[in-house]
1. Going through the stretch 298-328 one residue at a time, which ones are outside any helix (DSSP H, G or I) and not aliphatic (A, V, I, L, M)?
2. Can you name every residue in the stretch 453-476 that is assigned to a helix (DSSP H, G or I), of a type outside the set (D, E) and surrounded by fewer than 24 Cβ atoms within 10 Å (Cβ to Cβ)?
3. Kindly indicate which of A588, A572 is touching a helix residue (DSSP H, G or I) at 6+ places or on another chain (Cβ under 8 Å) and either over 14 Å from W481 (Cβ atoms) or surrounded by fewer than 16 Cβ atoms within 10 Å (Cβ to Cβ) (or both).
4. Which members of the stretch 401-415 meet the condition of being touching a helix residue (DSSP H, G or I) at 6+ places or on another chain (Cβ under 6 Å), in a strand (DSSP E or B) and of a type outside the set (S, T, Y)?
5. Got a number for residues in the stretch 371-404 being β-branched (V, I, T) and within 25 Å of V593 (Cβ to Cβ)?
6. Examine the stretch 64-76 for a residue that is modelled with pLDDT of 50 or more, of a type in the set (D, E, K, R) and within 23 Å of A416 (Cβ to Cβ), and state whether such a residue exists.
7. Name the residue that is surrounded by the fewest Cβ atoms within 10 Å (Cβ to Cβ), counting only residues in the stretch 593-616 that are charged (D, E, K, R) and at pLDDT below 95.
Amino acid sequence: MNCPAPIFRKLPRALPFALGLSLSALSLNACLPSSEAPSRETILRQESAALNDWFEARYEDELARSPQTQTYLGISSSQDKLDDISTMALDEEAALRKSWLADMRRNFDIDRLDPQTRLSYRLYEYSAEDNLAQHEFAGHNYVFQHMNGPQTDLPTFLINFHSIESEADAKAYIARLTAFDRYLGQAADRAEAQFEAGVRLPKFVYENIRTASENIITGYPFDDGDNSPLYADFQEKVAALDLSDEAKNRLYEQAEMAMGKSVKPAYDRLIAMFNAQEKLASSNDGAWKLPNGNAYYAARLKHYTTTDLTADEIHDIGLTEVSRIQTEMKAIMDRLGYEGTLKEFFAYLRTDELFVYPNTEEGRANYITDAAEIINEMKSQLDQLFITQPKADLVVKRVEPFREDTAFGAFYDSPALDGSRPGTYYVNLKDMADQPTYLQQALAYHEGIPGHHMQIALAQELSGLPRFRTLDGHTAYIEGWGLYAEGVPDELGLYTDPYSKFGQLSMEIFRAARLVVDTGIHAKKWTREEAVQYYLENIPNPEGDIRAEIDRYIVWPGQATAYMIGKLKIQALRQRAEEALDEAFNLAEFHDVILANGSVPLDILEKNVDNWISDKNET
């Protein structure tokens with residue numbers, strides 16, 4: 001008798017026996033009359049459900065390895081622990097990802113999955129392969145640097161994400177303070193091994209990371225000054241609890257002890273290490289100086305852009321975009337009646353007090369208030385642009401003073417999954433000259449709405465997708481959306497002030513010039529000062545902001561290229577859709593196609609848009 005091929009999904013050879021089945025039973029099921037065999041729709045549904053269960057199990061496996069991620073997501077089960085960030089732990093994670101990828105490929109057939117789960121298969125495969133490729137260069141990524149190293153990330157994490165709603169929460173906070181020595185010690189071990197292998201920070205970084213470390217252990221209980229940042233946070237949170245004064249005092253004493261026995265020694269070791277390494281550091285800045293540096297930088301570009309573009313290709317794209325945007329800028333200058341050169345107009349914007357809030361606490365408060373008003377106005381316009389919108393709210397906050405020296409100029413933190421924390425748009429207001437008024441609108445649109453909050457919060461709330469798709473991300477997609485979103489309000493006429501419109505172009509040329517300077521530094525051996533001068537010649541940003549940005553690119557190779565590469569792809573896909581669909585094109589539907597699948601690499605984004613165009617043309 002000729003039997004059809006078995007329709008069950010691929011199983012490991014020993015699994016049928018482990019399940020108490022026999023080969024004869026499996027063969028009998030495979031030879032049932034065709035009328036009793038599952039339909040293709042049933043197969044797709046069952047196979048897809050099985051793979052989605054597998055994705056969920058793997059996400060839980062990864063989540064179990066990261067107590068800090070659990071806290072960030074609003075999960076409190078392991079909030080008395082910190083992650084293991086040792087070299088051994090990183091190697092174990094890479095080995096697990098490699099094993100899981102092989103397991104998925106062995107046990108699931110992509111042709112037996114529904115379209116959405118087939119996409120999940122491809123995305124998981126892409127992410128796993130990318131992670132493994134990046135792990136080959138794990139020793140090249142600076143452990144400590146002035147933008148977001150563990151010396152500031154760890155206290156920032158406790159202050160912003162470890163809530164204290166009970167005595168148990170307070171004790172968990174203390175337990176984490178007690179673990180500082182182990183956690184930062186693991187980071188220091190990796191940094192020392194990295195330094196010995198020839199992966200050495202540029203000399204200028206050391207003063208910044210040393211100062212940031214000293215800030216954490218300045219103040220009570222480390223000295224007789226005002227409360228240190230960590231102790232001030234702990235005391236404020238505990239003071240709000242409904243506990244007796246005696247119970248609160250016990251908690252304060254335990255926190256002081258943990259800071260003295262764990263936090264202080266951890267930072268003392270870091271500062272001593274920074275001092276020793278600084279003496280042997282050089283002023284060479286680019287990735288080219290590192291062992292196998294060119295291959296490392298190529299891997300970074302692929303990771304951040306999700307493309308195969310070379311450094312030379314990216315550099316040339318940047319030069320072309322800078323030229324295009326400068327032409328648009330000159331048109332606004334003509335509209336304003338300004339008769340000088342573009343460079344002179346840049347100098348005017350950088351120096352005229354008309355474009356700066358007062359460098360006072362009142363000026364900083366007014367900036368936050370005005371940024372919130374910009375976002376609230378944009379919220380009222382969303383129905384014209386989006387079908388699906390996030391439920392999570394968005395707030396605007398100033399970067400805490402203790403990390404102003406090392407934090408980005410502006411950034412976004414996503415909301416907690418349980419709704420306990422809104423999305424947050426942070427602005428660094430250390431020097432108000434670095435946050436000019438003409439950039440304020442575009443910056444709020446990028447970090448807030450319709451930028452990062454619209455995309456990231458919405459992704460977290462997507463239903464029916466595995467969590468790795470709703471919570472993970474690809475920089476070119478995420479930052480490309482943020483940059484694209486800066487231009488969308490212009491279509492609604494929200495850039496009514498020509499200076500603000502010039503500011504939107506300033507933000508765009510800022511990202512275009514990144515393609516030039518990032519590749520210039522890391523592939524073409526530009527010096528730090530050469531990169532600064534290119535910016536001063538070609539973009540209007542304040543000099544302090546420019547120098548901070550160049551220092552960022554130096555310690556974070558490739559990341560800055562993702563913004564414009566992603567934006568250009570989204571823009572090109574929109575143009576393709578508009579031309580193909582003509583009057584049937586709907587902007588809100590297009591945005592739904594871009595956002596409704598979570599973060600994806602740019603080639604997959606292109607396929608999603610092409611499929612949408614094809615479906616629209618068939619209806």
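1. Listed by number, the residues that qualify are T306, T307, D308, T310.
2. Listed by number, the residues that qualify are A457, L458, A459, Q460, R467, F468, R469, T470, L471, T475.
3. A588
4. A410
5. Going through the stretch 371-404 one residue at a time, the tally reaches 3.
6. There is at least one residue in the stretch 64-76 that is modelled with pLDDT of 50 or more, of a type in the set (D, E, K, R) and within 23 Å of A416 (Cβ to Cβ).
7. Per the criteria, the residue is D615.
Here is a yes/no grid of residues against (1) within 26 Å of the chain's Cα centre (by Cα); (2) within 30 Å of Y296 (Cβ to Cβ); (3) β-branched (V, I, T):
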site	(1), (2), (3)
G185	yes, yes, no
D223	no, no, no
P229	yes, no, no
E246	no, no, no
E253	no, no, no
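The values are calculated or read from the model by the stated rules, or taken from the named source; none is laboratory data. Given the structure is predicted, the values throughout are model-derived calculations rather than measurements. Cβ atoms come from the backbone with ideal geometry, glycine included; neighbour counts cover every protein chain shown.
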